[in-house]
1. Taking the Cα centre of region 5-306 as origin and charging only Cβ (+1 Lys, Arg; -1 Asp, Glu), how large is the dipole, in debye to the nearest 20?
2. Can you show me the helix-derived [θ] at 222 nm for the chain, built from DSSP H runs with n ≥ 4 at -39,500 (n - 2.57) apiece and divided by the number of residues, rounded to the nearest 500.
3. If Trp344, Trp300 are ordered by their accessible area, calculated over protein heavy atoms with a 1.4 Å probe, which sequence runs from highest to lowest?
4. Keeping the other protein chains in place, figure out the carbon and sulfur percent of the accessible area of region 196-285, with a 1.4 Å probe.
5. Taking Cα atoms, how many degrees apart are the long axis of helix 260-276 and the longest axis of the chain, rounded to 10 and kept between 0 and 90?
6. Share of antiparallel DSSP beta bridges in the chain, in percent to the nearest 5?
7. Taking the chain as a Gaussian network, Cα atoms linked when under 10 Å apart, which of Tyr212, Tyr358, Tyr142 shows the biggest mean-square fluctuation?
8. May I ask for the angle, rounded to the nearest 10°, between helix 131-146 and the longest principal axis of the chain, with both axes built from Cα atoms and the value confined to 0 to 90°?
Amino acid sequence: MAHKRLVTIVGATGAQGGAVVRSLLATNKYKIRGLTRDATSEKAQAVKRLSDNIEMVSCDIGKPEDVQRAFKDSWAVFAVTDFWAQPHQPEVEIQQGQAMSNAAAKLQVPYFIFSTLEDTMKLSSGKYDVPHFAQKAKIRDYIKENHPTLKTIYVEPGFYMQNWLSSLKPQKSADGTMIFALPVDEKTTLHMVDIEDTGPIITAILNDPEKYVGQDICMCGDAIQFSDVPKIFTKVTGVPASAKTLTEAEYRLGMQSAPKFIQDEFFAMFQWFQEYGYYGKDKDWTTGKKLTTLNTFEQWLKKNGWKGLILVGGFKQAFSIASQGDRIEFDNLSVDPRTRHTVWPILFGNSFNALLTYGFNQMQVQCYMCVKSTRGAQTTIFINIIGVACLVLLSGLIGVIPYVYYSGCDPYTAGYIQSVDQIFPYFIMDA
């Protein structure tokens with residue numbers, strides 16, 4: 001077996017580090033040492049169980065002795081700092097970055113990959129103070145000044161698309177419209193990344209690391225105006241959506257549970273986005289896309305954000321559209337035998353079918369005889385009925401969801417498929 005190089009990943013249980021772990025494992029080319037605050041935690045053990053090529057190590061990245069021990073024998077290190085562990089002490093992040101770069105230089109680690117951001121204070125001439133950006137940029141400056149021979153590659157993740165699922169999750173208005181709200185003008189460009197794409201980026205870099213030494217690689221899969229976010233959302237989900245520009249007062253009201261210094265930082269960050277963009281005015285944000293394929297916002301929505309019933313707006317939205325298209329009828333009492341689906345076949349037809357299946361079917365009777373008592377046999381029937389009901393519901397949803405998804409554009413009549421029985425496979429590939 002070929003020798004596998006050791007890659008040490010800081011924050012292996014986090015968003016960036018976890019993505020790198022999964023991507024590198026898929027190559028089967030590396031041994032992985034994952035660093036985390038507590039290697040005995042459930043999250044750390046879950047990572048360890050992914051492969052025999054992973055070892056999880058407890059490490060305080062603010063302690064030089066811990067870091068040096070953890071980085072030993074590494075061929076490459078992927079390093080992230082943790083500003084949010086102590087946001088009231090931004091200097092702690094600087095100490096983390098210094099400790100890691102000092103250890104990598106001292107151990108002569110061949111390749112050091114550092115996750116950084118831009119210095120908002122410097123680039124805005126002191127106008128926008130965003131410490132969780134600026135501190136990372138200061139670490140980059142420290143590395144360049146103090147360790148010029150350390151082969152460092154800098155990656156800059158964009159605005160997480162996953163934010164739309166958590167802190168910035170759109171809110172549903174009274175009329176069902178999803179409201180995407182930010183304290184920025186609708187024309188503001190948002191440079192976004194599916195944070196899972198950190199993995200493919202780092203994997204691509206490690207395939208030929210010498211080529212990228214000293215470079216800044218922007219991890220950005222899409223750069224779209226804020227006004228386009230709800231448009232794409234509606235295109236993917238069919239759910240109406242709109243963008244709303246929040247005033248400073250409205251934004252702070254929504255963050256009233258956070259300390260004022262956190263409110264100040266995030267509001268300054270969004271103002272930075274509006275005036276300078278995520279990476280500043282002059283940076284080429286496409287450098288990551290030149291390494292490997294990254295998800296656009298639309299692709300991310302389809303892949304991770306809203307799928308199945310969620311993709312079409314939930315149960316209520318799905319059944320509403322299906323009912324409008326006469327695909328669901330719960331109250332048709334017609335006695336006309338030419339009517340295909342009414343209440344009567346369900347009540348009488350299914351009753352006789354169930355009686356045949358559960359009362360006279362030889363295989364079923366033999367199953368009853370294998371149960372110790374009549375009571376036990378009755379229990380098995382009720383359990384079976386529940387399971388069958390679930391299967392029937394799921395079978396119905398298999399028809400409802402594609403119908404609702406394509407309610408505005410029939411792929412058959414549009415010529416995307418050649419026969420109606422191709423709709424479901426086409427839906428699987430499309431969604």
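The values are calculated or read from the model by the stated rules, or taken from the named source; none is laboratory data. All figures in this text were calculated on a predicted structure; none of them were measured in a lab. Ideal geometry is used to build each Cβ from the backbone, glycine not excepted, and the neighbour counts take in all protein chains shown. What goes into the accessible areas is simple: the full protein's heavy atoms, side chains included, and nothing from ligands, DNA or RNA. Shrake-Rupley method; radii C 1.70, N 1.55, O 1.52, S 1.80 Å.
1. On the way: 35 positive and 36 negative charges, 150 e Å.
The dipole of region 5-306 has a size of about 720 debye.
2. Details: 17 runs with 181 residues, N = 431.
Mean residue ellipticity at 222 nm (helix-derived): -12500 deg cm²/dmol.
3. Numbers: Trp344 95, Trp300 0 Å².
Sorted by accessible area, descending: Trp344, Trp300.
4. Details: 2050 of 3940 Å².
Roughly 52 percent of what the probe reaches on region 196-285 is carbon or sulfur.
5. It works out to around 90 degrees.
6. Numbers: 6 of 39 bridges.
Of the beta bridges lying entirely in the chain, close to 15 percent run antiparallel.
7. Looking only at Tyr212, Tyr358, Tyr142, the biggest GNM fluctuation is shown by Tyr358.
8. 40 degrees
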